[in-house]
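Enquirer: This structure is in structure tokens; I'll ask about it shortly.
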């Protein structure tokens, strides 16, 4: 982030964010507000076949726009006022990223460099990508600002205030998608909402609230393909349900993955419940605490456990949070547990804990995310 033109002065010479200056104004908005706007757009864009390429594209486009005084986080309407330039920069920078990343991506994914495409659904229509992935998100702080003005109010942190007004980070992650007035709808998925919560609370430590509802266990794990693949291959997910359950839930889609492998649609785990260990009082006590005090998604004791919330239970009373776990899963997934026939199992630091490596190799060879 320190390589981005608008944020260079937000960091010290060690590359650390100047936290004591987060409340300083940068124009009309605080630095905390500007970073939060950046993170929300980034969370929406942070998907696709090559995350490294996606992030490089995002960085290059932002730097190019700001160099031309199109300050999209300070003045969101600039993106639309200069839409032609915005489109041109996205196209040009995508071509540049493709030249840098296509061969590496193809080699790692056993694909063809010519198929490299970071736009929505891998189409070539940049306008839809620009409006749907960039424009819709930039409208949120703009609309919040206008609504404040309509009510005769002002704020240097309209997006921050909106985010932290919800009862918990988990509820916030749902509302940035589903809210009737400000929700992004299909432009953002559950994974991206949780990724935004992770960045806001864990990675950049922007949160102002000082309670458990916006703390390390206040949101669910971002279940992306990397995290899901590691949790499946290691056998973690099989602790809570059988393969047949995951097939019935359409989490495992037989024969629909690359080269006819079984496809794991990780996002379909959300909302699925396990009754294993439900007779263990301490386990359910911990789950009740997570749901009521941290996530704030239930008001009474649950009888079954939602699988995607189990990591929160297991991290309770430890020094780790969901952000730490996700960082670890991403590290394993992107450096060792590749989504093809030749992952680096022999070098993987968790290989001795991995069911796929130690006992059931078919969990690695027969499934893809």
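Enquirer: Just one of the numbered conditions (1) in a loop (DSSP other than H, G, I, E, B); (2) under 15 Å from residue 195 (Cβ atoms); (3) modelled with pLDDT of 90 or more is not true of residue 47; which one?
Expert: (3)
Enquirer: Further question: If you take the residues in the range 291-317 that are in contact (Cβ under 8 Å) with a residue 12 or more places away in the chain and within 17 Å of residue 166 (Cβ to Cβ), which one is surrounded by the fewest Cβ atoms within 10 Å (Cβ to Cβ)?
Expert: Checking each candidate, the answer is 293.
Conditions tested, residue by residue: (1) modelled with pLDDT of 95 or more; (2) in a helix (DSSP H, G or I); (3) assigned by TED's automatic domain parsing to the domain that holds residue 193.
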| residue | (1), (2), (3) |
| --- | --- |
| 283 | no, yes, no |
| 299 | no, no, no |
| 303 | no, no, no |
| 320 | yes, no, no |
| 338 | no, no, no |
| 343 | no, no, no |
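Enquirer: With the requirement that a residue be in a helix (DSSP H, G or I), closer than 26 Å to residue 173 by Cα and touching a residue at least 12 places away in the same chain (Cβ under 8 Å), what does the range 86-121 give you?
Expert: Our first condition is that a residue be in a helix (DSSP H, G or I); within the range 86-121, this holds for 86-109, 113-115, 120-121.
Cutting the leftovers down to closer than 26 Å to residue 173 by Cα gives us 120-121.
Within the range 86-121, 120 is the sole residue that qualifies.
Enquirer: Which count do you get for residues in the range 3-42 that are touching a helix residue (DSSP H, G or I) at 6+ places or on another chain (Cβ under 7 Å), surrounded by fewer than 18 Cβ atoms within 10 Å (Cβ to Cβ) and in a helix (DSSP H, G or I)?
Expert: 2
Enquirer: Further question: Would you be able to say whether some residue in the range 125-143 is modelled with pLDDT under 95, at positive phi, part of a helix (DSSP H, G or I) and surrounded by fewer than 18 Cβ atoms within 10 Å (Cβ to Cβ)?
Expert: Scanning the range 125-143, I find no residue that is modelled with pLDDT under 95, at positive phi, part of a helix (DSSP H, G or I) and surrounded by fewer than 18 Cβ atoms within 10 Å (Cβ to Cβ), so the answer is no.
Enquirer: Given the conditions (1) within 14 Å of the chain's Cα centre (by Cα); (2) part of a loop (DSSP other than H, G, I, E, B), which single one is not true for residue 74?
Expert: Tallying (1) within 14 Å of the chain's Cα centre (by Cα); (2) part of a loop (DSSP other than H, G, I, E, B), residue 74 fails exactly one: (1).
Enquirer: Please go through the range 124-146 and give me each residue that is over 22 Å from the mean Cα position of the chain (by Cα) and free of Cβ contacts under 8 Å to residues at least 12 places away in the same chain, ordered by number.
Expert: 124, 125, 146
The values are calculated or read from the model by the stated rules, or taken from the named source; none is laboratory data. This is a predicted model, so every value here is computed, not measured. Note that each Cβ is placed from the backbone with ideal geometry, even for glycine, and that neighbours are counted across all protein chains shown.
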